[in-house]
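Written out below as structure tokens is the structure these notes cover.
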Ligand SMILES: *[C@@H]1O[C@H](CO)[C@@H](O)[C@H](O)[C@H]1NC(C)=O
Ligand SMILES: *[C@@H]1O[C@H](CO)[C@@H](O)[C@H](O)[C@H]1NC(C)=O
Ligand SMILES: *[C@@H]1O[C@H](CO)[C@@H](O)[C@H](O)[C@H]1NC(C)=O
Ligand SMILES: *[C@@H]1O[C@H](CO)[C@@H](O)[C@H](O)[C@H]1NC(C)=O
Ligand SMILES: *[C@@H]1O[C@H](CO)[C@@H](O)[C@H](O)[C@H]1NC(C)=O
Ligand SMILES: *[C@@H]1O[C@H](CO)[C@@H](O)[C@H](O)[C@H]1NC(C)=O
């Protein structure tokens, strides 16, 4: 097209003053087998940090520590269920402020490898998928099921424009974007689904962006995980044969940069299994081999952080992960520098200049000491404040999803249809308690049913006695074909040979009630029993709320500081501090004993309020009734397994076992 001279000069005036050479660009160089950043060969040394597992106030501190280790990039997941709690309601505020996180990365000088899902695994509830997808009971997740795709398209229509604004070529820090996550490990192997995602990502992000997939370093995984037009990368941990692992990548990508998208610095834990430690020596040895080959690497995790609230996932056979996601990573759950951190930094230093400046120190921890707790009310005594909408009556039990509840606890009530004068089995014959049920008869604790572990208890009672079944959702399966993980009583309970029916079901809004102070305000304190007669562990009690408060001392500089809360002689439950759901405690199962409490939750001007929901039995009737704040974390306590539980057996678990042995 020929333009008149006059129009040409007008155009020149209004065009932004950028020349071709300074336009940021990021691409793959298939001739030189590397990435190209602004036209130059580039290799990343990255680390994983999940903003959803770290309080916003600490994002900058953790990123700075990653930068000071010599990393030039970070990798993060976007958990869909963290941002779209109910269909069509999006939350990108506070701890969910993704754009603020990306801006901090850029300010500090870290590039970003983005993993927007829609599925992320990540040891996160349901692998990041929102549980409301299960409203369609037979939905095939991670496939071209039309209802699944419609929800994905809508969500990505919100998320991908945000990511687009922060792409490297648009002036932001994001260099590459992952499509799905280890799809080759999923049974569906639906190429139409991957093609749909590829087109969806391209339509929002453009043709230029480097899209990639990540799969296990085996040709079998890459078969269903990789797709033409999306760059295939692999993941593997220390102790693997690095040459063989990258040969698997070469099978899918004969040319281009070598990339390990998840090099495991540590490993995940499960309740009831020993805390996993991956030796530093093994990590640095393999890291060195990877860097020596000129490969790109992302260290998963560089900092694991915390599964606050109810966000932990689970593996199958059902084994939920604890509150801490420390991961034995180079930065601890609380952001502390470890010997692994310094050892990794020394390896990186052999390949790349480390940044100058001061390394931010580990944040100080403070032992606030013991806090006296007082019994409030049982859950059953609090139904008026926990169930805003009142109960629903149904013949057979509904799931959490059918009751529009995503997380936490639901109460199922019925009556004994017959006299049970002799011990009578109350059972979940189809293993339908998802995941743990606290049962009482006429308000007296009668036992616990647990998924895969305890399918029957014996009860006694008269016909017409009230049966209360409080069901805890302990976190949805995040990996494998069982991610359609319905919660609640997903199959009928039986009493003897008969199916129990005629239920009254309460959806419980415990978090809202705690946040609004309803529990403490409405109940008043009941004095605890002071009989010290028994030293044996107390028998089961019905799930009960406890409260306590403490004041942070004056005259000690720099308070509040981070701390850890522990529960001496308590069994299992949930804890809130000043209304924030800190997570699940379960010292009677282990291995986690202390829960990380970041300083920003604490107040120095007013009293701090602790609310505890103890599900099994508190120590309060046998003398001491305290929780304790300590300055030392314990996530490797002794574990008490219940016996007939087989540990999860994912491929990844297998290698971590092998390296430990
Ligand atoms: C690692 O794998 C390569 C390529 O498959 C093989 O040649 C080599 O022998 C392996 N090394 C070890 C120590 O097994
Ligand atoms: C229930 O009671 C029966 C008969 O007393 C006994 O055989 C059985 O082991 C008990 N079951 C449990 C789970 O306690
Ligand atoms: C409960 O049992 C009834 C009667 O046998 C059956 O119709 C119903 O589908 C069962 N419900 C569940 C969730 O198992
Ligand atoms: C439910 O209650 C009705 C009316 O009392 C009764 O006829 C029926 O047998 C009960 N069903 C079950 C499964 O308990
Ligand atoms: C703790 O509860 C008390 C009494 O309800 C209230 O005055 C105080 O503000 C609460 N503390 C915090 C930090 O919210
Ligand atoms: C737990 O970790 C601490 C600190 O690393 C260590 O001293 C202790 O021996 C470990 N305990 C167990 C039971 O492994």
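Read-outs throughout are calculated quantities, based only on the coordinates presented, and are distinct from any laboratory measurement. Bear in mind the structure is a predicted one, so any value in this text is a computation, not a measurement. No Cβ is skipped: glycine too gets one built from the backbone with ideal geometry, and neighbour counts run over all protein chains shown.
As an exercise, take the mean of 1/r over every pair of distinct alpha carbons in segment 109-187, invert it, and state the Kirkwood radius in angstroms.
Final number for the Kirkwood radius of segment 109-187 is 13.9 Å.
Given R₀ = 22 Å, what would the calculated FRET efficiency be for residue 61 paired with residue 631, taking r from the Cβ atoms and rounding to 0.05?
The pair residue 61/residue 631 has a calculated efficiency of 0.75.
Take residue 389 and residue 359, extend 7 Å from each Cα along the Cα→Cβ direction, and tell me the distance between the two endpoints in nm.
The modelled label-to-label distance comes out at 5.2 nm.
What length, rounded to one decimal in nm, is gained on full extension from residue 456 through to residue 638, with 0.36 nm per residue of separation minus their alpha-carbon distance?
Working: separation 182, 0.36 × 182 = 65.52 nm, distance 2.66 nm.
In short, 62.9 nm is gained.
How do 165, 56, 436 line up, fewest other C-beta atoms within 10 Å first?
If I rank by nearby Cβ atoms, fewest first, I get 165, 56, 436.
Sort out for me the Cα centre separation of segment 125-170 from segment 37-113, rounded to whole Å.
Each part's Cα centre sits 19 Å from the other's.
What are the equivalent ellipsoid semi-axes of segment 152-242, built from the alpha-carbon gyration tensor (square roots of five times its eigenvalues), in whole angstrom, biggest first? The partial results should precede the final answer.
Details: eigenvalues 121, 56, 21 Å².
Semi-axes (√(5λ), whole Å): 25, 17, 10.
Could you work out the equivalent-ellipsoid semi-axes for segment 291-450, taking the square root of 5 times each eigenvalue of the Cα gyration tensor, largest first, in whole Å?
They are 49, 21, 15 Å, listed largest first.
Quick check on the chain: helices-only [θ] at 222 nm, where DSSP H runs of length 4 and up contribute -39,500 (n - 2.57) each and the sum goes over total residues. Nearest 500, please.
-6000 deg cm²/dmol
Neighbouring Cβ atoms within 10 Å as the yardstick, rank 37, 65, 422 fewest first.
Taking fewest neighbouring Cβ atoms as first place, the list is 422, 37, 65.
From the mean inverse distance of alpha carbon pairs (Kirkwood) and the Cα radius of gyration, derive Rg over Rh for segment 570-611. If you can, show how the numbers build up before the last one.
Values: Rg = 11.5 Å, Rh = 11.2 Å.
Rg/Rh for segment 570-611 comes to 1.02.
Working from the pairwise distances between different alpha carbons, so that the mean of 1/r is found and then inverted, what is segment 53-151's Kirkwood radius in Å?
About 15.0 Å for segment 53-151.
Can you tell me what share of the DSSP beta bridges in segment 53-197 is antiparallel? A percent to the nearest 5 is fine. Don't skip to the answer; put the middle values down first.
Values: 1 of 10 bridges.
About 10 percent, rounded to the nearest 5.
Between the helical axis of 59-68 and the dominant principal axis of the chain, each derived from Cα atoms, what acute angle in degrees is found, rounded to the nearest 10?
Helix 59-68 and the main axis of the chain meet at about 50 degrees.
Which whole number in µm²/s is D for segment 26-86 by Stokes-Einstein, with the Kirkwood Rh taken over Cα pairs at 4 °C and 1.567 mPa s?
94
Test of understanding: what is the full-extension gain from residue 137 to residue 188, defined as 0.36 nm times their sequence separation minus their Cα-Cα distance?
Difference between extended and current length: 16.6 nm.
Could you give the angle, 0 to 90 degrees to the nearest 10, between helix 280-292's Cα long axis and the longest principal axis of the Cα atoms of the chain?
That helix lies at roughly 20 degrees to the long axis.
What number, in percent, do you get for the relative contact order of segment 247-359 if the mean sequence gap of Cα pairs under 8 Å and at least 6 apart is divided by its residue count?
On the way: 154 pairs, mean separation 31.0, N = 113.
Relative contact order of segment 247-359: 27 percent.
Once you put a point 7 Å from the Cα of residue 351 and another 7 Å from the Cα of residue 158, both along the Cβ direction, what distance in nm separates them?
A separation of 3.8 nm, rounded to one decimal place.
Using only the alpha-carbon atoms, how far is helix 98-108 inclined from the longest principal axis of the chain? Give it as 0 to 90 degrees, nearest 10.
It works out to around 50 degrees.
How far apart, in nm, are the 7 Å Cα→Cβ label points at residue 499 and residue 466?
Rounded to a tenth, the inter-label distance reads 2.6 nm.
Which percent, nearest 5, of DSSP beta bridges in the chain are antiparallel?
Details: 82 of 115 bridges.
Taking every DSSP beta bridge with both residues in the chain, the antiparallel ones total about 70 percent.
Note down, for the chain, the three equivalent ellipsoid semi-axes (square root of 5 times each alpha carbon gyration tensor eigenvalue), biggest first, whole angstrom.
Details: eigenvalues 424, 160, 119 Å².
Square roots of five times the eigenvalues give 46, 28, 24 Å.
With r defined as the distance between the Cβ atoms of residue 147 and residue 90 and R0 fixed at 25 Å, what FRET efficiency is calculated, to the nearest 0.05?
That pair, residue 147 with residue 90, gives E of 0.85.
Where the Cα atoms of segment 445-526 are projected onto their three principal axes, how long is each span, largest first, in whole Å?
Cα extents, longest axis first: 44, 44, 22 Å.
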